[in-house]
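Undergrad: Sharing a structure with you now.
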């Protein structure tokens, strides 16, 4: 084991990945509103455009709100890793000891959405 490495590692949400998602979500929400309300260049009167626009506002508005809540609601690190085990504060406050860890794969780490 390398003595130059820190004993604890703290992993949190990546602001540089969430900020572009919030901007893209806001733009898509505005595009859905433009389609739904018949703003130019979309024509008015078509019920299909109205339904698609309303669904776009609902979907992208909720996704943008979720990303903003995640970005501004996180007070600190989400995952703590040390010599004793892993503690994921999104799930529980207890450590998962290394003895009880059976498998870790890159896909399960990337799905955690906590890496920059």
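Throughout, read-outs are computed from the coordinates displayed, never taken from laboratory work. This is a predicted model, so every value here is computed, not measured. Reconstructed Cβ throughout: ideal geometry from the backbone, glycine too, with neighbour counts over all protein chains shown.
Undergrad: Would you kindly calculate the translational diffusion coefficient of the range 9-111, applying Stokes-Einstein with the Kirkwood radius from alpha carbon pairs, for 37 °C and a viscosity of 0.692 mPa s, and quote it in µm² s⁻¹ without decimals? Present the calculation step by step, with values, prior to reporting the outcome.
TA: Details: Rh = 16.6 Å.
Roughly 198 µm²/s, to the nearest whole number.
Undergrad: Of the peptides 91-102, 16-27, how do they stack up when ordered by the mean number of other Cβ atoms within 10 Å, highest first?
TA: Numbers: 91-102: 9.8, 16-27: 13.9.
Top to bottom by mean Cβ count within 10 Å: 16-27, 91-102.
Undergrad: Run the numbers for residue 98 and residue 55: contour at 0.36 nm per residue of separation, minus the present Cα-Cα distance, in nm. Display every interim value, and only then the final one.
TA: On the way: separation 43, 0.36 × 43 = 15.48 nm, distance 4.51 nm.
Going from the current span to full extension adds 11.0 nm.
Undergrad: Which FRET efficiency value, to the nearest 0.05, is calculated for residue 47 and residue 90 with the Förster distance at 41 angstrom and r the Cβ-Cβ distance? Please report the intermediate quantities before stating the final value.
TA: Values: r = 41 Å, r/R0 = 1.01.
About 0.50, to the nearest 0.05.
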